[in-house]
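**Student:** Questions regarding the structure given below will be posed in turn.
The values are calculated or read from the model by the stated rules, or taken from the named source; none is laboratory data. Predicted model only: the values in this text are computed from it and were never measured. Using ideal geometry, Cβ is built from the backbone for each residue, glycine included, and neighbour counts are taken over all protein chains shown.
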Amino acid sequence: MADSTAAAPKPSSSVKLVLLGEAAVGKSSLVLRFVNNDFQENKEPTIGAAFLTQKCNLPTRTIKFEIWDTAGQERFASLAPMYYRNAQSALVVYDLTKPTSLIKAKHWVAELQRQASPGIVIALVGNKLDLTNETSEPADPLNDDGDADTTEGDDSSGDARKISTAEAKSYAEEEGLLFFETSAKLGTNVTEVFTAIANAIPETSLKGARGPGATQAGAGSGANDQSRVSLTGPRDNASKEGCAC
Amino acid sequence: MGSSPTASRSSSNNCIRQPNASGQASQADDHGNTTMTVGEDQMSAEEVEAPQEGMGAVKATVEDRDDDGYRPPLPPRPNLSKTPERPTTPGGLNTSHRRPSLLSKPTTAVSSIDIQTLSFPDGSRGTFSTPASRSVSESAALDTPGSMTPKGKHSQNGSEGDDTTSLMSYAPTMKGTGDLASLLNDDINAQSPAWRLLSSKADTVNPFEAIDYENTSLLNFENEFNEIAPVDSKGGNEEELLTQFKAKYKHYLCLSSAGKPIYSRHGDQNLINGYIGIIQTLISFYEGSKDPLHGFTAGGTRFVIFIAGPLYFVAISRLGESDAQLRSQLEALYMQILSTLTLPTLTHLFSNRPNTDLRRPLEGTETLLSSLADTFTKGSPSALLSALECLKLRKSQRYVINNTLLKARTEKLLYGLIVAGGRLVSVVRPKRHSLHPSDLQLIFNMLFEAGGVKAGGGENWIPLCLPGFNNRGYLYMYVSFLSAYDDGQDGEERPSTPGSSAREDEIAVLLISAEKESFYELKQMRDDVVSQLEKNGSMDIIKAAVRQGRPSTADIVPGTQLRHFLYKSRANVQYTMPSFNPYFNGLLPQRRLMNLYNNLHAQIHAKHSHLKVLHSVSRDSVSLAWSTPLFEFYCVAGPNASRASIAHGANKVIQWVKREEERVFIIGGAVF
Ligand SMILES: Nc1nc2c(ncn2[C@@H]2O[C@H](COP(=O)(O)OP(=O)(O)OP(=O)(O)O)[C@@H](O)[C@H]2O)c(=O)[nH]1
Ligand SMILES: [Mg+2]
């Protein structure tokens, strides 16, 4: 993983991130895509939780994600507080082909808002975008609301989507969450999610892992805007050169 | 795993360092195998007094026993030999390791097996004497009756010398179970001149090599682990799926006493529902009559039932395993369920609602149950022997590793282990607590067989209950993997030894704590341990040992006719074995080998059998089981190996184990 492309070391800070969501929505697959750029067709359920790290290069600094990939199965739910307690960010994942998974995601969001640290950055992620029939142009599900109309309740022609973009998006807006639709399988939008989170972490909550970076200003636009809807995050914040990982 | 699976298992049995025998449950064996057994009175008398001295009776004839490394001088010829036409000794043994076939010729143990004892299913025994020529080396195949050579089809009514007829008279009592049954028939027709000619050239036939399996078991065993598709919505494919379902050699079912399905290795719910109903009815009927059903046979299929509180477990096997073996497999599945739920939770669920559907609380455990089940179906020495295998290291090297762990230990640590390829490298533990093989079996299964944890990458924090330690609560296990190949070589270059799975080269650091919140502390400990091991060279030693793999039998005893063995040290509850390479590579050869071991193990452990040594001859292999208070030993050679050469090989292996004891076993382990 290229730590840095620039010669001078950028300020670096670590960010704790927790993934939550119903079993089999693809949390581990998203992490695997992000960390190893890999995908496994039949991934086995996570037992307990897995801890991984991955660096993410932003124009002005390096973020080292410390990721807790938790198990979605009900019996592990009681352990979740341990993982989100000190987290600065959370990825709440649902499977956009499975309605119950959005309900579960909403429960997690509510729990985070109640119990996690107040400044936590939450991203709502609808995964398995490749199972819808819009895979040819899914890169930005946020560009027009018309999408929703064509996909809503549409089960024909192999489209397995059960949760429309509009529905999830409006919920995310209400709650002030980042929102993405992704495919861990194809890699669609995966680094974008992490980059957006990295950008959305308020400068003040960054503890420098090394160097004086933590206190330096100069974050990208919108970085301080995390409590508002961050829908603009991914596009404005240099998702192109985002994660060099 | 002979101890009771329910409630609190006392820590007296099955502990790593428990110096007692392992408490093997010996169940009556219901295979009337036609194995020839050497009565204990013949061979064991000496071992009982001085078991560490090796095989008693053979020792009498093999005098030259000094530990002179790997190239022992030729054992002296026995004066009892009455076969003048025996070939002369072809030089010293030290040349024979290139031509293993020669080894058996000069050796013999005639005196020890003049008298044969047959054991029968009802526990009685018949004794008869054999001509000395029967038991000598395979060269006798040329001209003596009753040689142990492979044979194809046979008639049941040939009549040969005295001893063959006396064998014949027992025939009706023998249920032919698998390979061992063919002993009888082999002897009868062994005289065909063509066959004699052939077999004289067949000195070096390896186990299972020269057989056609058209009439035997294990046909289509390769398909055993293929998934059965779910029943489609209209049930149109049900018939086909049932055919696949019935073609499986092994089934494991778990259901609640109320008849709710919990787990089935094969087939989806729609497919198995009918069976679940029948089984529940059967079991409950006998439960009601206060005479619980333990097992029954239908055709060639054995059904074994194990009841644990509100749970019914059923093993259905066409692999010829004994009831005791199947039951211990079912116990392991039960342990896995306890490991997920803990006993109080399980009890609570069912006492609240007897109709509970356990599948939901167990969600995700299916993969663990299935990988356990498949381990049993593939055949696992560890499961068969209820023992662990260690990575072979020098004592001083292991000492350094132990100390590294001890030094880096944090307050929160309960158990610390380093495991390489499913073999134990080092254990540290509190003085008061030992580790139970059954618990380690669950951990190893989770980490090395059921790829879930490994595939996740990174480090893991896993809550689990170790029922052998305490079935009432959870412990938390920190796991991180290292690869034995991660220095320099990249993935492509890995030598992909056939038969050795990917798990073979995984090194894992496991740190277990009772404290839920101790992840970061244990992670720190792991970092310290790994960097220290790298600094003091131990990591390279471990990696080299992993890459080297197990030695072959020929490495251990040059020139031996033995092709594989299992040696279990009872006191250490550990076993050691050579590589499956090159004779038992792949699913099928390994399963055949394990079938053989299963049979030997079942007979040695059968109630009333009082067996100490068992020599078993079949048309495709010759094998030996040997049980003493110190160890259990099983070995196999090709069908033409003589008893003497097998006994000789066995002695050599046991000498080797004795010599290497502190390398192949972890003795005591490190305590704090
Ligand atoms: N088609 C498709 N399948 C996916 C995608 N992401 C994950 N999967 C599949 O969904 C299944 C579950 O994925 P996991 O990543 O294990 O899900 P998880 O959320 O980590 O599940 P738990 O660990 O049990 O909580 C696997 O079979 C994946 O291959 C995706 O983007 N598209
Ligand atoms: Mg997962």
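**Student:** Could you tell me which of the residues A:SER14, A:SER89, A:SER4 is away from ligand 2 (no atom under 16 Å from the Cβ), closer than 24 Å to A:ALA200 by Cα and either modelled with pLDDT under 90 or facing another protein chain (nearest Cβ under 9 Å) (or both)?
**Tutor:** A:SER4
**Student:** I'd like the full set of residues that are closer than 21 Å to B:LYS523 by Cβ and more than 9 Å from ligand 2 (Cβ to nearest atom), limited to segment A:34-46.
**Tutor:** A:PHE34, A:VAL35, A:ASN36
**Student:** Moving on to the next point. Checking the condition among the small types (Gly, Ala, Ser) and within 18 Å of B:PRO463 (Cα to Cα), which residue from A:GLY21, A:GLY26, A:GLY72 passes?
**Tutor:** Answer to the selection: A:GLY72.
**Student:** Another one. Tell me whether segment B:226-244 contains one or more residues that are assigned to a loop (DSSP other than H, G, I, E, B), free of Cβ contacts under 8 Å to residues at least 24 places away in the same chain and in contact with a strand residue (DSSP E or B) (Cβ under 8 Å, 6 or more places away or on another chain).
**Tutor:** No, every residue in segment B:226-244 fails to be assigned to a loop (DSSP other than H, G, I, E, B), free of Cβ contacts under 8 Å to residues at least 24 places away in the same chain and in contact with a strand residue (DSSP E or B) (Cβ under 8 Å, 6 or more places away or on another chain).
**Student:** Out of the residues in segment A:60-82 that are among the β-branched types (Val, Ile, Thr) and away from ligand 1 (no atom under 16 Å from the Cβ), which is surrounded by the fewest Cβ atoms within 10 Å (Cβ to Cβ)?
**Tutor:** A:THR60
**Student:** What pairs come up if the first residue lies in segment A:119-146 and is modelled with pLDDT under 75, the second is of a type in the set (Lys, Arg) and assigned to a loop (DSSP other than H, G, I, E, B), and their beta carbons are under 9 Å apart, counting only those six or more places apart or on different chains?
**Tutor:** Once the first residue is modelled with pLDDT under 75 and sits in segment A:119-146, its partners that are of a type in the set (Lys, Arg) and assigned to a loop (DSSP other than H, G, I, E, B) give A:GLU134/A:ARG161.
**Student:** So, A:GLU181, is that one at pLDDT 95 or above and of a type in the set (Asp, Glu) or not?
**Tutor:** yes
**Student:** On the given criteria, is A:ASN57 in contact (Cβ under 8 Å) with a residue 40 or more places away in the chain, more than 7 Å from ligand 1 (Cβ to nearest atom) and not hydrophobic (A, V, I, L, M, F, W, C)?
**Tutor:** yes
Here's the yes/no breakdown for (1) buried (at least 19 other Cβ atoms within 10 Å of the Cβ); (2) touching a Lys or Arg at 6+ places or on another chain (Cβ under 6 Å); (3) closer than 22 Å to B:LEU358 by Cβ:
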residue: B:ALA229; (1), (2), (3): no, no, no
residue: B:LYS246; (1), (2), (3): no, no, no
residue: B:TYR249; (1), (2), (3): yes, yes, no
residue: B:ILE276; (1), (2), (3): yes, no, yes
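**Student:** For segment B:448-474, which positions are modelled with pLDDT of 90 or more and either within 11 Å of chain A (Cβ to nearest Cβ) or under 21 Å from the mean Cα position of the chain (by Cα) (or both)?
**Tutor:** Correct list: B:GLU459, B:ASN460, B:TRP461, B:ILE462, B:PRO463, B:LEU464, B:GLY468, B:TYR474.
**Student:** Against the definition (in the same structural domain as B:ASN640 (by TED's automatic domain parsing) and in contact with a Ser or Thr (Cβ under 6 Å, 6 or more places away or on another chain)), how does B:LEU624 come out, yes or no?
**Tutor:** no
**Student:** On to the next question. Can you find a residue in segment B:588-597 that is within 23 Å of B:LEU326 (Cβ to Cβ) and of a type in the set (Lys, Arg)?
**Tutor:** yes
**Student:** Residue by residue through segment A:164-192, note down the ones that are within 16 Å of ligand 1 (Cβ to nearest atom) and among the basic types (Lys, Arg).
**Tutor:** Matches in segment A:164-192: A:LYS185 only.
**Student:** Right, another one. Within 14 Å of ligand 2 (Cβ to nearest atom), free of Cβ contacts under 8 Å to residues at least 40 places away in the same chain and of a type in the set (A, V, I, L, M, F, W, C): which single residue out of A:LEU52, A:LEU30 fits that description?
**Tutor:** Going through A:LEU52, A:LEU30 in turn, just one is within 14 Å of ligand 2 (Cβ to nearest atom), free of Cβ contacts under 8 Å to residues at least 40 places away in the same chain and of a type in the set (A, V, I, L, M, F, W, C): A:LEU52.
**Student:** Residues in segment A:44-54: is at least one surrounded by fewer than 24 Cβ atoms within 10 Å (Cβ to Cβ) and more than 9 Å from chain B (Cβ to nearest Cβ)?
**Tutor:** yes
**Student:** Counting only residues that are within 10 Å of ligand 1 (Cβ to nearest atom) and under 15 Å from B:LYS454 (Cα atoms), which one in segment A:17-40 is modelled with the lowest pLDDT?
**Tutor:** The selected residue is A:GLN40.
**Student:** A further question on this structure: Do any residues in segment A:168-196 that are farther than 15 Å from A:ASP95 by Cα and in contact (Cβ under 8 Å) with a residue 60 or more places away in the chain have Cβ atoms under 7 Å from those of residues that are within 16 Å of ligand 2 (Cβ to nearest atom) and of a type in the set (Ser, Thr, Tyr), where the two are at least six apart or on different chains, and which pairs are they?
**Tutor:** A:VAL193/A:THR182
**Student:** Of (1) part of a loop (DSSP other than H, G, I, E, B); (2) touching a residue at least 24 places away in the same chain (Cβ under 8 Å); (3) over 25 Å from B:ILE337 (Cα atoms), B:ARG432 satisfies all except one. Which?
**Tutor:** (2)
**Student:** Residue pairs, Cβ under 7 Å, 6 or more apart or interchain, first in segment B:252-274 and part of a loop (DSSP other than H, G, I, E, B), second among the acidic types (Asp, Glu). List them.
**Tutor:** B:LYS260/B:ASP357
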